[in-house]
Amino acid sequence: MSVKHLASIKRLNLLYEGKAKSIYATDEPELVIQHFKDDATAFNGEKKGTIPNKGAMNNQISARVFHFLKENGIKTHYIATLNENEQLVKKLAIIPIEVVVRNVVAGSLAKRMGKEEGFELDDPVVELYYKDDSLGDPMINRFHVHSFKIADLEHIRVMEVEAQRINNMLWTFFDERGILLVDFKLEFGLHKGELLLGDEISPDSCRFWDKETNEKLDKDRFRRDLGKVEESYRDVMDRVLK
Ligand code: TMP
Ligand code: ASP
């Protein structure tokens with residue numbers, strides 16, 4: 001899209017207000033604006049706060065990562081960064097499944113399997129969660145997807161394969177920046193019938209540990225009151241943009 005065309009895109013009404021992002025309509029029916037907020041929540045919205053400058057930092061981090069994935073052949077919703085907190089993206093009908101990929105045991109997997117955080121898995125683990133706040137996003141499998149008619153199973157198969165390809169690419173991308181990619185969450189959606197990667201990839205949606213010190217550089221600092229939250233997001237941003 002030309003710079004002139006980009007500059008002429010108008011932000012219209014709010015379409016969707018999420019916990020960390022809002023989606024606005026534009027004067028182009030197939031394009032929307034993804035606005036990144038400083039608001040942070042955890043434990044299905046039970047814990048609330050703000051992380052100063054998080055919106056602007058996640059906007060830049062996610063844009064860089066999506067650009068990298070596009071260069072490597074992944075189809076995504078990302079089109080262009082518009083300003084400090086906003087990017088222009090293709091409008092998606094979001095598939096209500098979160099795909100989590102894990103390289104190292106942490107978070108809910110550590111709890112579920114009774115393992116210490118930090119245990120490196122022989123092969124990545126891929127999990128599906130049903131996006132439903134009233135249920136607290138329960139973990140499900142393909143049988144639930146099929147029997148409860150949550151989504152098309154063929155889309156789920158493609159999402160699982162894409163998630164593993166993305167993991168291979170991102171593992172190296174972050175490794176080169178001194179970051180261990182512990183785990184992350186992806187969302188996909190349909191745009192004119194095409195399955196695209198959506199949402200964001202940022203310290204809100206990934207676990208990033210410093211490769212040398214294992215220091216946490218992601219939203220776990222907020223979830224667990226570890227301090228230096230903004231500083232850690234900035235550290236990730238500086239390394240990602242280098
Ligand atoms: P978990 O260990 O809490 O299940 O989280 C796995 C990964 O998914 C971690 O990188 C954080 C991310 N995540 C989200 O992006 N949104 C969520 O609502 C949750 C629970 C996790
Ligand atoms: N984003 C989620 C929430 O607040 C949970 C999390 O990221 O830990 O509900």
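The values are calculated or read from the model by the stated rules, or taken from the named source; none is laboratory data. For clarity, every value in this text was computed on a predicted model and none was experimentally measured. Backbone-built Cβ (ideal geometry, glycine too); neighbour counts: all protein chains shown. These accessible areas exclude ligands, DNA and RNA; they are computed on the full protein's heavy atoms, side chains included. Shrake-Rupley method; radii C 1.70, N 1.55, O 1.52, S 1.80 Å.
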Looking only at residues in the stretch 212-242 that are part of a loop (DSSP other than H, G, I, E, B) and under 16 Å from residue 184 (Cβ atoms), which one is farthest from ligand 1 (Cβ to nearest atom)?
217
Considering only residues of the stretch 88-113 that are farther than 30 Å from residue 25 by Cβ and open to solvent by 70 Å² or more (accessible area, probe 1.4 Å), which is farthest from ligand 2 (Cβ to nearest atom)?
113
Over the stretch 165-218, the set of residues of a type in the set (S, T, N, Q), open to solvent by 10 Å² or more (accessible area, probe 1.4 Å) and either more than 17 Å from residue 67 (Cβ to Cβ) or touching a Lys or Arg at 6+ places or on another chain (Cβ under 6 Å) (or both) is 168, 205, 213, 214
If the Cβ limit is 9 Å and pairs must be 6+ apart or interchain, which residue in the stretch 35-58 that is closer than 18 Å to residue 241 by Cβ and of a type in the set (D, E, K, R) pairs with which residue that is open to solvent by less than 10 Å² (accessible area, probe 1.4 Å) and at pLDDT 95 or above?
54/36; 54/40; 54/202; 54/203; 54/233
How many residues are buried (at least 16 other Cβ atoms within 10 Å of the Cβ) and part of a loop (DSSP other than H, G, I, E, B) when one looks only at the stretch 1-27?
2
Among the strands (runs of 3 or more DSSP E) confined wholly to the stretch 37-93, which include 1 or more residues that are acidic (Asp, Glu) and at pLDDT 95 or above?
39-42, 86-90
Does residue 55 count as on the phi > 0 side of the Ramachandran plot and either crowded, with 19+ Cβ neighbours inside 10 Å or away from ligand 1 (no atom under 16 Å from the Cβ) (or both)?
no
With polar (S, T, N, Q), within 16 Å of ligand 2 (Cβ to nearest atom) and under 18 Å from the mean Cα position of the chain (by Cα) as the only criterion, which of 232, 134 stands out?
232
Residue 151, sole failed condition from (1) open to solvent by 10 Å² or more (accessible area, probe 1.4 Å); (2) more than 16 Å from ligand 2 (Cβ to nearest atom); (3) touching a residue at least 12 places away in the same chain (Cβ under 8 Å); (4) assigned to a strand (DSSP E or B):
(4)
Counted residues, the stretch 137-146 - those being loosely packed, with under 12 Cβ neighbours inside 10 Å and either within 16 Å of ligand 2 (Cβ to nearest atom) or not in a helix (DSSP H, G or I) (or both)
2
Right, residue 62: more than 19 Å from residue 133 (Cα to Cα) and either open to solvent by less than 30 Å² (accessible area, probe 1.4 Å) or not hydrophobic (A, V, I, L, M, F, W, C) (or both) or not?
yes
Which members of the stretch 1-50 meet the condition of being within 12 Å of ligand 2 (Cβ to nearest atom) and farther than 28 Å from residue 190 by Cβ?
40, 42, 43, 46, 47, 48, 49
